[in-house]
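Notes follow the structure.
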Amino acid sequence: MLPTRRARVLIAEDDDSLRTLIRLSVDVGEIDVDEAADGEAAMRLAHANPPDVALLDWAMPRMTGLDVCRALRADPRSAGAVIVIVTARVLTGDREQALEAGADHYLGKPFSPVELLDLVRHAL
């Protein structure tokens, strides 16, 4: 019998404390979690281990979350990932811009850790 592949979540957030909060919110022992502090690092991780779910901050160094979102959608290995933009950007039009970039969900900061966990569990 072949081992079952665990679901993989990519967290890309440049704020260390928020990245830790996101990981603690979603890592309930059933998934593998990769963490990146910038967009380029997120893309390196995604190429090495394509995520099932990507939780992306919008405003990151080197590549924005929207840039990472577009790149994940363009890569056949990660095109089917569920992408959630987790951001403090909540101005009129921001949600639409994220969805147009290929995001499946848009979650404003501050967020409810329970809501984030529910969103990830539903995605998986």
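Mind checking the dipole of the chain: about its Cα centre, +1 per Lys or Arg Cβ, -1 per Asp or Glu Cβ, Debye to the nearest 20?
Values: 14 positive and 21 negative charges, 61 e Å.
With Lys and Arg at +1 and Asp and Glu at -1, about 300 debye.
Counting other Cβ atoms within 10 Å as a rough exposure proxy, the listed residues L55, L18 run L18, L55 from fewest neighbours to most. What the Cα atoms of the chain give is an Rg and a Dmax of 13.4, 51 Å. For R77 and L117, a Förster radius of 30 Å and the Cβ-Cβ distance give a FRET efficiency of 0.75, rounded to the nearest 0.05. A dipole drawn for the chain from +1 and -1 charges on Cβ atoms has a positive end, and of G29, V86, T64 the residue lying farthest that way is G29.
We did not get these values from a lab; they are worked out from the coordinates using the rules stated. Just so it is clear, the structure is predicted and the values come from calculations on it, not from any experiment. All Cβ positions, even for glycine, are placed from backbone atoms using ideal geometry, and neighbour counts span all protein chains on display.
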